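Asker: Before I ask anything, here is the structure I am working with.
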Amino acid sequence: MSPEVQDRIHARGSGTTVIGIRQAELREVFLPFPSFDEQRAIARVLGVLDDKIELNRRMNRTLEDLARAMFKSWFVDFDPVIAKAAGKKPVGMSAQTAALFPDRFQDSPLGPIPKGWRLGSIDSLCSLHRDQLDPAESPGEPFAHFSIPAFDNGREAVTEMGSAIKSGKLVIPDGSVMLSKLNPHVPRVWLPDDSIRRRRIASTEFLVCLPRCGITRSYLYEQFAAAPSWPTWQRW
């Protein structure tokens, strides 16, 4: 909405504590409209952009699925170690990468694991970021709001003004990974977009996790995504 139109609406508003506008007054506000040809041209451009956005989303999902399948093969099913133990070359892996994997297993409380590997806890991989803020204290500021509905609707944060957000939210720092603690048997793992320059906030239904020194964000994300179920993580 242009400043000119905002001024026209504000001029017809009324009220003391809260300024509002009656329906009859709103009907008297004249708005500039582009010609029909211009509207069609605008619609075509927006349609192309929507198609491009949807294509990018599908490509990202495909790449995520491939990365998740590779991670599971390497670090959950131990396919490269199984292949080397049988005297075979791991499928789809360069010699340099294959050399990083052992060629035998060792016993552990969880069963056989690759030789030289060790058991660890999630707490050894990341820490929880618990800082919160109240967006209502900055009513005129747009926030990038990461919520369960936003995740389920394409994993796109929703831009909302602070005045529209009615409860405290978690602050999302750069480099973090988000994990839903609501219904942990339904995996919701989110990599917040670090290129967003607005302040990013998350519903308290999420855990905001920061990788510890020596742990990459990608590795932490894939560990969360590969987990079969997360009931004990609610203890965080």
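Asker: I need the fraction of alpha carbon pairs in region 84-134 separated by more than 12 Å, rounded to a whole percent.
Answerer: Looking at region 84-134, the distances longer than 12 Å represent 74 percent of pairs.
Asker: Now for a separate question. Kindly sort VAL189, VAL171 by accessible area of their heavy atoms, largest first, with the probe set to 1.4 Å.
Answerer: Sorted descending by solvent-accessible area, the residues read VAL171, VAL189.
Asker: Same structure again: Go through the cysteines of the chain and tell me which have no other cysteine Cβ under 4.7 Å away.
Answerer: That list is CYS213.
Asker: Given a 1.4 angstrom probe, I'd like the percentage of the accessible area of the chain that is carbon and sulfur, rounded to a whole number.
Answerer: 55 percent
Asker: Among THR97, THR204, THR62, which one moves the most in a GNM of the chain with springs linking Cα atoms closer than 10 Å?
Answerer: THR97
Asker: Given a Förster radius of 30 Å and the C-beta distance between ARG40 and ASN60 as r, what FRET efficiency does 1/(1 + (r/R0)^6) yield to the nearest 0.05?
Answerer: So, using R0 = 30 Å, E works out to roughly 0.45.
Asker: So, in nm, how far is label THR159 from label GLN106 when the simple model puts each one 7 Å beyond its Cα toward the Cβ?
Answerer: Modelled inter-label distance: 5.3 nm.
Asker: As a test of the formula, what do you get for the chain when each DSSP H run with n ≥ 4 contributes -39,500 (n - 2.57) and the sum is divided by the residue count, at 222 nm and rounded to the nearest 500 deg cm²/dmol?
Answerer: So the helix-based figure for the chain works out to -10000 deg cm²/dmol.
Asker: Name the lysines eligible as straight-distance cross-link partners of LYS88: C-alpha to C-alpha under 22 Å, and not fewer than 8 places from it in the same chain.
Answerer: In chain and number order, the partners are LYS72, LYS115.
Asker: Let me ask you something else. Using the Cα atoms of the chain, I'd like the radius of gyration and the largest Cα-Cα distance, Dmax, both in angstrom.
Answerer: 25.2, 82
Asker: Take the alpha-carbon positions of region 131-181, form their convex hull, and give its projected area averaged over all directions (one quarter of the hull surface) in nm².
Answerer: So the Cα hull casts an average projection of 3.8 nm².
Asker: Find the eigenvalues of the gyration tensor of the Cα atoms of region 106-236, then list the square roots of 5 times those eigenvalues as equivalent ellipsoid semi-axes, largest first, in whole angstrom.
Answerer: 32, 14, 12
Asker: Taking amide hydrogens as modeled 1.01 Å from N in the peptide plane, which residues meet the under 5 Å criterion relative to GLN132, leaving out close sequence neighbours?
Answerer: VAL171
Asker: What is the distance, in nm, between label points placed 7 Å from the Cα along the Cα-to-Cβ direction at LEU119 and at SER167?
Answerer: 3.7 nm
Asker: How much net charge surrounds PHE101 when only the other residues with a Cβ under 13 Å from the Cβ of PHE101 are counted, with Lys and Arg +1 and Asp and Glu -1?
Answerer: So the surrounding residues net to +2.
Asker: Apply the Debye scattering formula to region 49-114, with a single equal point scatterer on each alpha-carbon and no solvent, then give log10 I(q)/I(0) at q = 0.28 Å⁻¹.
Answerer: Relative scattering, expressed as log10 I(q)/I(0), comes to -1.17.
Asker: Right, next: Taking only protein heavy atoms into account and a 1.4 Å probe, give the accessible area per residue of the chain in Å².
Answerer: Per residue, the chain has an accessible area of 66 Å².
Asker: Label ASP51 and ASP77 with points 7 Å out from Cα along Cα→Cβ: what is the distance between them in nm?
Answerer: So the label points at ASP51 and ASP77 sit 3.7 nm apart.
The values are calculated or read from the model by the stated rules, or taken from the named source; none is laboratory data. Values in this document were obtained by computation on a predicted structure and should not be read as measured data. Note that we place each Cβ from the backbone using ideal geometry, even for glycine, and neighbour counts take in every protein chain shown. Ligands, DNA and RNA are excluded from the accessible area calculation, which covers all protein heavy atoms including side chains. Shrake-Rupley method; radii C 1.70, N 1.55, O 1.52, S 1.80 Å.
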